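Working notes for the structure below.
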Amino acid sequence: MIFSLEGRSAIITGGASGIGLAISKLFASQGGDVHILELNGALAEEVASEIRSSGYKATAHEVNIADQEKVKAVIQTIADTGGVDILVNNAGIAHVGNALNTTEADFDRILNVNIKGPYNCIHAVLPFMLAKSRGVILNMASIAATIGIPDRFAYSTSKGAVISMTLSVAKDYLKQGIRCNCISPARVHTPFVDGFISKNYPGKEQEMFEKLSATQPIGRMAKPEEIAYLALYLCSEEAGFITGCDYAIDGGFTRLNN
Ligand SMILES: NC(=O)c1ccc[n+]([C@@H]2O[C@H](COP(=O)([O-])OP(=O)(O)OC[C@H]3O[C@@H](n4cnc5c(N)ncnc54)[C@H](O)[C@@H]3O)[C@@H](O)[C@H]2O)c1
């Protein structure tokens, strides 16, 4: 089987919803031993048990990725039970606002989850990957990191850091067999998008959904599964020559919008 994850364990943060859910299901179906690190422990348990009932491997771990001690403890448990081969830093949160109306509390909250969260997970998995001279780290950035998007000050800032973090890790561990890449999606239809539309545009949900869909030249949002296929490729052995890259998956958003 190409893109097989047989015999490899994969940690997916935020793996119970949206893009992370699609990644958890796909990686498990490719033979991976999936570990879902989630703030929403009940949902993670539901997803893991659904994956197991299809005959694949999945375990739920309730954890806030912004909490370094807890992240280290969970990843130690995973390492003890089967090793750590793949980390997908997918969990992230949205925020609408510009530099003037973004409060300090909101700025800290976004950076804590979207930057410190991936750092915490990378920090915790590296000793296990270095011990094997092998590992793959994939971070979820966003086209918001490289394109000016209105009213996404804290969010865009956080995703810019994710791209820089990707390059730094890719460079530092190049010779030790660890690859690190990131994916930059444009809009993907997930609860993340539905949540910020209903929170920020109450009563105009349908209109905003159509407006946001039309911002991709291709005329629609991505499906979470379409992002998961790219994640699978980048985490597979077949992508062994790829490190230090940021892959746009955007329906033409970055290059074809004019
Ligand atoms: N949906 C999009 O349009 C889009 C576009 C570009 C990038 N992204 C990025 O993709 C990633 C996933 O987005 P999604 O749309 O699937 O989101 P989602 O809201 O559907 O799912 C995110 C999951 O992360 C979990 N999570 C949030 N904070 C956490 C924390 N502190 N610790 C552990 N788990 C936590 C949530 O419980 C949730 O299950 C995010 O990093 C997001 O920034 C999304």
Considering (1) farther than 18 Å from residue 140 by Cα; (2) under 17 Å from the mean Cα position of the chain (by Cα), say which one residue 36 fails and leave the rest.
(1)
Out of all the residues in the stretch 224-241, which are free of Cβ contacts under 8 Å to residues at least 40 places away in the same chain and surrounded by 13 or more Cβ atoms within 10 Å (Cβ to Cβ)?
226
Please specify each residue of the stretch 162-182 satisfying the condition of being within 16 Å of the ligand (Cβ to nearest atom), in a helix (DSSP H, G or I) and crowded, with 16+ Cβ neighbours inside 10 Å.
162, 163, 165, 166
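Being surrounded by fewer than 16 Cβ atoms within 10 Å (Cβ to Cβ) and under 19 Å from residue 93 (Cα atoms) is true for just one of 217, 185, 191. Which residue is that?
Criteria check complete, one pass: 191.
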Meets criteria (within 13 Å of the ligand (Cβ to nearest atom) and not in a helix (DSSP H, G or I)) for residue 12:
yes
Restricting to the stretch 34-55, give me the number of residues that are touching a strand residue (DSSP E or B) at 6+ places or on another chain (Cβ under 7 Å) and surrounded by fewer than 18 Cβ atoms within 10 Å (Cβ to Cβ).
2
I need a count of the residues in the stretch 22-33 that are surrounded by fewer than 24 Cβ atoms within 10 Å (Cβ to Cβ) and under 21 Å from residue 71 (Cα atoms).
1
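Just so you know, all these numbers are worked out from the coordinates, no wet-lab data involved. On a predicted model such as this, the values are computed, not experimentally measured, just so you know. Cβ coordinates were reconstructed from backbone atoms using ideal geometry, including for glycine residues, and neighbour counts include every protein chain displayed.
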